[in-house]
Amino acid sequence: MSVSETIRAHAAAQIDATVAFAARLVQTPSMPGQEGDVAALVRQEMQKLGYDEVQVDAAGNVIGLLRGSGSGRSLLFNTHMDHVSPGDRSHWHVDPFSGQIADGQLWGRASTDIKGSLACQVYTVPLLRAAGLLPAGDVYVTAVVMEEIGGLGMQHLATHLRADSAIVGEPSNCLLKRGHRGRTGLQVTITGKAGHASMPDRAVNPHTVAAGFLLALRDLPMASHPDFGSATLAPTIYRSDNESINVIPESVSIHLDWRTVPGEDAGSMVKTLQARLDAALLPGSHGTVAVVQDDMTSYSGMKLSLPSVFRPYALPEDHWAVQIAEQVLGSGPAGLWRFATDGGHLHDAGVPPLGFGPGLEEHCHIADERISIAQMEQALAGNARLALALTDTAGATP
Ligand SMILES: [Zn+2]
């Protein structure tokens, strides 16, 4: 049997245990800042599976180590333990935390983003051991906190853990990725003059200003880039300072999610938006645009406050890790994700991150989130082959 046939056979043997673990992860809700229970589950599973070392760092990230057989390159597998809210449960056909298995899929919030992939990365280590294929370099499997709201976990991990390359397990349909667009969070605040709803002439209604501003965003010219495609801008959250049905509010705030391509900077985004906002203002109103500050506190008590600016990145097509991974997976040239990941923080810290994981981008953050079990099996095998190839220095130059 060839190495890849051996790995495929062992992936088939491990898939049931992997899916059962993924189901338990889905059944353990873990919103950002509340990952304690799921972190305990990941740690216990790694210990049970015989990892050489398992530790939980100050941010609450779980780090498992498979010690390599020689002096090959080190590799860091990465996913996160948090997820977005399930939203309105009436949109779901299954309980979002049931971890139900039906129609060849594992169902529930975080199945695709990203607990299915987390389980595959954790079970890559027992697969390699069972197959008798020990990577030449150290392999870390990391599950971090708070990826969905600013990346406290990864930003801390990158201060104390290094590797020669990394695999970020966000859903890629088991195709190879070498980067992604960036993301900047912007807050727009519009202030008018509050008043009784029966006397609108005495008030300055901030909703009217907001309407003009939001409509003006539809024809905002967006930057584009030959590799990354176009930047995009989406208003996501709208808040008013008033909850009474018969009061015109004093102010409203709008969150804007700007997905960036190389060459864009937060300062000029603020300027562009401020000009549109100024043009939409009514007499007696004013408005400001600012970059959001992410204030994060992990379940372990670590605090971090940073501007919500995540830069786009792409490894060059001829990067050694891209070349090796393309050869291993044989699925064509590496592409770029449209969404942002913790890979950006790794890249900022000097660790080159590849992207590879089971599941479809379009199944993230939606009702009836689910992941294909066949893809999970493919990811298990892919992870194992990547672990062997990316740690092997024979015949490849970094
Ligand atoms: Zn994710």
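Collect the residues in the stretch 144-172 that are among the polar types (S, T, N, Q) and away from the ligand (no atom under 13 Å from the Cβ), keeping them in residue-number order.
155, 159, 165, listed by residue number.
Kindly check whether there is at least one residue in the stretch 69-86 that is surrounded by fewer than 17 Cβ atoms within 10 Å (Cβ to Cβ), in the same structural domain as residue 160 (by TED's automatic domain parsing) and within 17 Å of residue 368 (Cβ to Cβ). The answer is yes; a qualifying residue exists. Close Cβ contacts (under 9 Å, 6 or more residues apart or on different chains) running from residues in the stretch 321-348 that are on the phi > 0 side of the Ramachandran plot to residues that are aliphatic (A, V, I, L, M) comprise 332/175; 332/176. Output yes when any residue across the stretch 109-121 is part of a loop (DSSP other than H, G, I, E, B) and either touching a helix residue (DSSP H, G or I) at 6+ places or on another chain (Cβ under 9 Å) or under 22 Å from residue 16 (Cβ atoms) (or both), and no when none is. There is at least one residue in the stretch 109-121 that is part of a loop (DSSP other than H, G, I, E, B) and either touching a helix residue (DSSP H, G or I) at 6+ places or on another chain (Cβ under 9 Å) or under 22 Å from residue 16 (Cβ atoms) (or both). Scanning the stretch 346-365 for residues that are at pLDDT below 95 and within 13 Å of the ligand (Cβ to nearest atom) yields 360, 361, 363, 364, 365.
Against the test of being more than 25 Å from residue 258 (Cβ to Cβ), within 16 Å of the ligand (Cβ to nearest atom) and in the same structural domain as residue 12 (by TED's automatic domain parsing), the options 375, 327, 323 yield a single qualifying residue, 375. Let me confirm something: among 132, 150, 104, 108, which residue is touching a Ser or Thr at 6+ places or on another chain (Cβ under 9 Å) and without any contact (Cβ under 8 Å) to a residue 40 or more places away in the chain? Answer to the selection: 132.
Quick one: in the stretch 97-111, which of the residues that are among the aliphatic types (A, V, I, L, M) and within 16 Å of the ligand (Cβ to nearest atom) is surrounded by the most Cβ atoms within 10 Å (Cβ to Cβ)?
It comes out as 110.
Restricting attention to the stretch 243-279, the residues that are touching a strand residue (DSSP E or B) at 6+ places or on another chain (Cβ under 8 Å) and either closer than 12 Å to residue 192 by Cβ or surrounded by 15 or more Cβ atoms within 10 Å (Cβ to Cβ) (or both) total 23. For the stretch 42-96, the strands (runs of 3 or more DSSP E) that sit wholly inside it and include 1 or more residues that are under 30 Å from residue 392 (Cβ atoms) and free of Cβ contacts under 8 Å to residues at least 40 places away in the same chain are 53-56. Checking 81, 46 one by one, the residue that is within 16 Å of the ligand (Cβ to nearest atom) and hydrophobic (A, V, I, L, M, F, W, C) is 81 and no other.
Does the stretch 156-168 contain at least one residue that is closer than 20 Å to residue 262 by Cβ and crowded, with 21+ Cβ neighbours inside 10 Å? Checked against the condition, which is being closer than 20 Å to residue 262 by Cβ and crowded, with 21+ Cβ neighbours inside 10 Å, the stretch 156-168 yields at least one hit. Here residue 94 meets each of (1) more than 16 Å from the ligand (Cβ to nearest atom); (2) under 24 Å from the mean Cα position of the chain (by Cα); (3) at positive phi with one exception, condition (3). Kindly indicate which of 14, 47, 27, 55 is in the same structural domain as residue 160 (by TED's automatic domain parsing) and within 15 Å of residue 110 (Cβ to Cβ). Going through 14, 47, 27, 55 in turn, the sole match is 27.
Yes or no, residue by residue, for (1) without any contact (Cβ under 8 Å) to a residue 60 or more places away in the chain; (2) surrounded by 19 or more Cβ atoms within 10 Å (Cβ to Cβ); (3) closer than 29 Å to residue 136 by Cβ; (4) not basic (Lys, Arg):
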| residue | (1), (2), (3), (4) |
| --- | --- |
| 312 | no, yes, no, yes |
| 357 | no, yes, yes, yes |
| 362 | yes, no, no, yes |
| 369 | no, yes, no, yes |
| 376 | no, yes, yes, yes |
| 379 | no, yes, yes, yes |
| 392 | no, no, yes, yes |
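Look at residue 114 and say whether it is within 16 Å of the ligand (Cβ to nearest atom), within 30 Å of residue 321 (Cα to Cα), in contact with a Ser or Thr (Cβ under 6 Å, 6 or more places away or on another chain) and of a type outside the set (S, T, N, Q). Spelling it out, residue 114 is indeed within 16 Å of the ligand (Cβ to nearest atom), within 30 Å of residue 321 (Cα to Cα), in contact with a Ser or Thr (Cβ under 6 Å, 6 or more places away or on another chain) and of a type outside the set (S, T, N, Q).
Whether any residue in the stretch 231-248 is touching a helix residue (DSSP H, G or I) at 6+ places or on another chain (Cβ under 8 Å), touching a residue at least 12 places away in the same chain (Cβ under 8 Å) and either within 30 Å of residue 72 (Cβ to Cβ) or of a type in the set (Gly, Ala, Ser) (or both) is what I want to check. So far as the stretch 231-248 goes, yes, one or more of its residues are touching a helix residue (DSSP H, G or I) at 6+ places or on another chain (Cβ under 8 Å), touching a residue at least 12 places away in the same chain (Cβ under 8 Å) and either within 30 Å of residue 72 (Cβ to Cβ) or of a type in the set (Gly, Ala, Ser) (or both).
Quick check on my filter: what residues within the stretch 132-153 are assigned to a strand (DSSP E or B) and surrounded by fewer than 24 Cβ atoms within 10 Å (Cβ to Cβ)? Answer for the stretch 132-153, where residues must be assigned to a strand (DSSP E or B) and surrounded by fewer than 24 Cβ atoms within 10 Å (Cβ to Cβ): just 140.
The values are calculated or read from the model by the stated rules, or taken from the named source; none is laboratory data. What you see is a predicted model, and the numbers here were worked out from it, not measured in a lab. A quick note on method: Cβ atoms are made from the backbone with ideal geometry, for glycine too, and the neighbour counts reach across all protein chains shown.
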